[in-house]
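Take this structure, written in C-alpha cells, and hold onto it; I'll ask about it next.
What follows draws every value from the coordinates through simple rules; no lab data is involved. These numbers come from a predicted model, not from an experiment. Glycine gets a Cβ as well: all are built from the backbone with ideal geometry, and neighbour counts include every protein chain shown.
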Amino acid sequence: MNAGTGTAAEVRETRGRLADGREIIFFDDSEPYVSGRKVRRIRDPRPLEPRQLPPHEAASIRVDPLTGDPVALAAHRMNRTFLPPADEDPLAPAGRGSVPSEIPEEEYDVVVFENRFPSLQGPLEILRDEPPFVETTPAGRCEVVSFTSDRRGSFAELGHRRARTVIEAWTHRTRELNALDGVVQVVPFENRGEEIGVTLHHPHGQIYAYPYLPPHTAAVQRRAAAWSREREGADLLGDVLAAELAEGVRVVLEAEHWVAYVPFAAKWPVELSVMPCRAAADFTALTEAEKEELAEVYLDLLGRLDRFFDGVDRLPYISVWHQVPTSGGEDISRMRLQVFSLLRSPGKLKYLAGSESGVGAWVSDTTPERIAARLREVAP
C-alpha cells in the first residue's frame with residue numbers, strides 16, 4: 001500500500017503531516033483517488049505549535065507495586081475534546097464546520113492520524129527504578145481512525161467496501177506500528193455510545209501501540225503458557241475454539257474462515273468473541289479471502305448487536321482487537337475480537353459494583369447461552 005499503488009482491496013494510501021507535525025494517512029477506495037486521477041494535497045492551515053512531549057510530571061507509566069500492572073498517567077488529557085456540537089466536529093471534512101477540523105481535506109473515505117491528546121507517545125526511557133517504585137516515559141503511540149466522513153453513520157452502516165477499507169487501514173497500521181522500537185502490542189478498538197463514555201459522536205476508533213504487555217494480555221499469556229506446559233505444547237486459543245465448536249450452544253456464526261461465539265465465562269450482558277479458524281497472529285497475517293470474509297462477518301455481527309434489545313436502535317459497545325504481541329506473548333497463537341456492551345436492558349446499564357471493581361470478582365446478570373441464543377435469533 002505504498003503511495004501511488006493499489007492493493008487487492010483497491011485502496012490508495014496518501015501520507016501527510018498536520019500543522020503541528022503529527023502524521024495523517026488517507027485510505028481511499030473511491031474514484032478518482034484509486035486510479036490516481038486525483039491526488040490529495042493535505043495542507044493544514046491551522047496555526048498550531050509544533051507538538052511537544054508533556055513533562056514527566058504530567059505523563060508517565062508507573063507500575064503498581066502490588067499487582068505489577070502498568071498504569072499510564074496522562075494529566076495533559078484533562079482538556080481534550082468532549083462531545084462538541086455538530087458544527088465543531090473535529091473529524092468532519094475540511095470546510096464543513098465553524099472551526100477547522102483535524103482532517104484538512106474536503107472529502108475522504110477512511111483516515112488515520114496521530115491523536116492530538118495521546119496517553120502514549122515518544123521513546124521509552126526509565127524515569128525511576130527504585131523498587132517497589134518503577135516509572136518510565138509514556139512511550140508508544142495513539143492513533144485515531146475515522147471510519148467515514150458522515151458524522152451520523154456507524155460502522156455497521158459502512159457497507160462491505162468501506163468496512164474492507166477499514167480492515168486495510170488496520171492492517172497497514174499494525175504492520176508499521178509493530179515495527180516501531182519498543183512497541184509490544186498493537187490494539188485497534190472502538191467505543192460507541194455515550195453510555196460507554198465516548199467523547200466524540202463521529203464514527204471512529206483508535207489504535208494503541210503499547211510499550212508494555214497490557215494486563216489482560218499478560219493474563220492470557222500466563223494461562224496459555226501453563227496450558228501448553230501441562231499438555232505437551234497444546235494451543236489454548238485453538239483448543240478453546242475447538243471446544244466451543246464442539247459444544248455449539250454458544251456459537252453465533254460459523255463461516256469458512258471465522259467463528260463468532262459467546263465465551264463460556266462471558267462477563268458482560270452482551271458479549272461475543274470472533275476468532276480466525278487458523279492461527280493468524282494479526283491483520284498482517286490474514287489472506288485476502290480472510291479479510292473479505294471478515295468484513296462480511298463483522299458487519300453481520302454489528303447488525304445483530306443493534307437488534308439485540310427491542311427499542312434500542314444502536315447498542316453501546318466496546319470492540320477490541322486482541323492481536324498477538326510482538327514480544328512477551330509467545331504462547332498466544334492467534335488474534336481475536338472481543339465485543340461487549342454495558343447495557344443489560346433498554347435504559348439500564350450494568351454498573352461495576354464493589355465485587356467487580358474492588359476485587360475483580362465478576363457477577364454476570366445473564367448466561368452466555370442466553371446471549372448466544374438471542375444473537376442467533378436476530379440474524380439477518
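Kindly provide the helix-only [θ] at 222 nm of the chain, computed as the sum of -39,500 (n - 2.57) over DSSP H runs of four or more divided by all residues, to the nearest 500 deg cm²/dmol?
Rounded to the nearest 500, it is -7000 deg cm²/dmol.
Non-local amide H neighbours of residue 258 (under 5 Å, H modeled in plane, Pro and chain starts lacking H): which ones?
277
May I ask you to evaluate 6.51 cos²θ - 1.76 cosθ + 1.60, the Karplus curve with θ = phi - 60°, for each residue of the range 141-146 and list the ³J(HN,Hα) values in order in whole Hz, giving x for glycine and proline?
7, 10, 10, 9, 10, 8
Average projected area of the Cα convex hull of the range 244-292, in nm²?
Mean shadow area of the hull around the Cα atoms is 4.1 nm².
Here's a follow-up. Taking all pairs of distinct Cα atoms, average 1/r, flip it, and tell me the Kirkwood hydrodynamic radius of the range 206-256 in Å to one decimal place.
Taking every pair of different Cα atoms in the range 206-256, averaging 1/r and inverting gives 13.2 Å.
Relative contact order of the range 264-366: what whole-number percent is it, with Cα pairs under 8 angstrom and at least 6 residues apart?
Relative contact order of the range 264-366: 40 percent.
How big is the equivalent ellipsoid of the range 216-377 along its three axes, where each semi-axis is √(5λ) from the Cα gyration tensor, reported in whole Å from largest to smallest?
Semi-axis lengths for the range 216-377 are 26, 21, 14 Å.
Given Cα pairs under 8 Å that are at least 6 residues apart, what percent is the relative contact order of the range 12-213?
20 percent
Sequence gap at least 6, Cα distance under 8 Å: using those rules, report the relative contact order of the chain to the nearest whole percent.
14 percent
Continuing with this model, one more query. For residue 348, give me every one of the lysines with a C-alpha distance below 24 angstrom, ignoring sequence neighbours fewer than eight places off in its own chain.
Those lysines meeting the cut-off are 267.
Could you tally the net charge around residue 231, taking each other residue with its Cβ under 14 Å from the Cβ of residue 231, Lys/Arg +1 and Asp/Glu -1?
Summing Lys/Arg as +1 and Asp/Glu as -1 gives -3.
Also: How big is the Rg/Rh ratio for the range 183-239, C-alpha atoms only, Rh by Kirkwood, two decimals?
1.17
Based on the Kirkwood radius over alpha-carbon pairs, what value in µm²/s does the Stokes-Einstein equation return for the translational diffusion coefficient of the range 196-285 at 10 °C and 1.306 mPa s?
Value of D from the Cα-based Kirkwood radius: 102 µm²/s.
Another question, if that's okay. Cα atoms only, the chain: Rg and Dmax in Å?
Answer for the chain, Rg first and Dmax second: 21.0, 62 Å.
From the mean inverse distance of alpha carbon pairs (Kirkwood) and the Cα radius of gyration, derive Rg over Rh for the range 12-213.
0.98
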